[in-house]
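Read the structure below first, then the notes.
The values are calculated or read from the model by the stated rules, or taken from the named source; none is laboratory data. No experiment lies behind these values; they were computed from the predicted model shown. Note that each Cβ is placed from the backbone with ideal geometry, even for glycine, and that neighbours are counted across all protein chains shown. Protein only, heavy atoms only, side chains kept; ligands, DNA and RNA dropped before computing areas. Shrake-Rupley method; radii C 1.70, N 1.55, O 1.52, S 1.80 Å.
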Amino acid sequence: MSWDSVSKIKKYREVKWLVPISLGDSYKGYPVLATTTDYFKHYKYGRKQSLSFEKGTPFKSFNQVVLGSEIAKKLNLDIERKIFLSHGTGRKQLKVHKDIPFNVVGILKPTGTPIDKTIHIPLEGMTAIHLNPIIQKKLISSKTNPNIKLKPTSITSCLVGLTSKFHIFNVQDRITNSTDEPLMAILPGATLAQLWSTISTFDKAFLGMTILVTIITFLGLLLSLFLSLQ
């Protein structure tokens with residue numbers, strides 16, 4: 001979605017907060033998520049638990065990174081380590097963004113969610129690693145301090161928080177029916193409920209098969225025991 005759409009949605013009176021998300025890069029097979037510091041403030045998991053840091057702080061500069069707990073543990077990474085991100089996702093040979101190193105400034109506490117396997121960088125960092133190599137060199141030079149805009153032109157998606165639950169369907173309808181750009185607004189809870197209702201038939205079928213197999217096995221054991229007694 002374009003950044004213009006993000007700006008328009010953020011101006012809705014019903015919107016309390018908005019967290020942009022951009023995906024597409026990785027580090028040694030782990031996904032990179034570009035966002036803003038509002039992500040650490042508004043994102044909730046489990047029973048509305050907030051993200052907390054085991055070490056360090058949120059990123060403040062475009063070339064700083066916050067690691068999930070599992071990544072830091074498995075790759076033996078700690079605060080002040082430098083890493084180079086790769087273009088694309090997967091574990092195959094990918095193009096490495098060698099011109100802009102990222103400094104580890106924070107490590108999140110374990111959550112038991114995919115966040116533990118995610119690398120978090122600023123949106124400006126995602127923009128920077130895809131710039132022209134000449135501009136990248138100017139960007140990381142402390143002597144020149146160029147006035148380079150790192151505002152993204154587009155992102156993957158965004159999380160939207162509303163001032164009241166009563167505005168959910170109104171805002172969803174406005175976003176989905178927007179004439180500026182084809183967008184889709186979804187409710188995570190409702191979508192998961194719909195998915196569960198779709199696969200619940202298969203779940204019941206497997207449960208029935210499990211019960212049937214258990215009964216047949218039990219009858220087979222009784223028959224074997226009866227024949228041995230005979």
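Just a few scattered comments:
- Percent accessible area from carbon and sulfur atoms, segment 151-219, protein chains only, probe 1.4 Å: 70
- Neighbourhood charge, 14 Å Cβ-Cβ cut-off, centred on Ile115 and excluding it, Lys, Arg +1 and Asp, Glu -1: +1
- Dipole of segment 123-230 computed with +1 at Lys/Arg Cβ and -1 at Asp/Glu Cβ about the Cα centre; of Phe169, Thr179, Leu207, farthest Cα towards the positive end is Thr179.
- Sum of -39500 (n - 2.57) over DSSP H runs of 4+, divided by residues of the chain (222 nm, nearest 500): -11500 deg cm²/dmol
- Look at the alpha carbon pairs under 8 Å that are at least 6 residues apart: their mean separation over the length of the chain gives a relative contact order of 25 percent.
- Radius 13 Å from Cβ of Lys16, net charge of other residues (Lys, Arg +1; Asp, Glu -1): +3
- Heavy-atom accessible surface of segment 52-144: percent carbon and sulfur, 1.4 Å: 52
- Taken per residue, the accessible surface of segment 21-96 reaches 61 Å², heavy atoms only and a 1.4 Å probe.
- Across segment 1-122, counting alpha-carbon atoms alone, Rg and Dmax equal 14.9, 46 Å.
- Interchain or long-range residues, amide H under 5 Å from Leu33's placed H: Ile119, His120, Ile121
- Other residues with beta-carbon under 14 Å from the beta-carbon of Ile100 carry, at +1 per Lys or Arg and -1 per Asp or Glu, a net charge of +2.
- Convex hull (Cα only) mean projected area of the chain, reported in nm² to one decimal: 19.9
- Rg(Cα) / (2.2 N^0.38 Å) computed for segment 165-230, rounded to two decimals: 2.35
- Relative contact order (percent, whole number), segment 70-190, Cα cutoff 8 Å, 6+ residue spacing: 16
- For the peptides 24-35, 107-118, 192-203, the ranking by packing is 24-35, 107-118, 192-203, with the highest mean count of neighbouring Cβ atoms within 10 Å listed first.
- Per residue, segment 183-230 exposes 91 Å² of accessible surface when a 1.4 Å probe is rolled over the protein heavy atoms with every protein chain present.
- Sorting the segments 62-70, 168-176 by their residues' average number of neighbouring beta-carbon atoms within 10 angstrom, most packed first, yields 62-70, 168-176.
- Segments 43-54, 124-135 sorted - mean Cβ within 10 Å per residue, highest first: 124-135, 43-54
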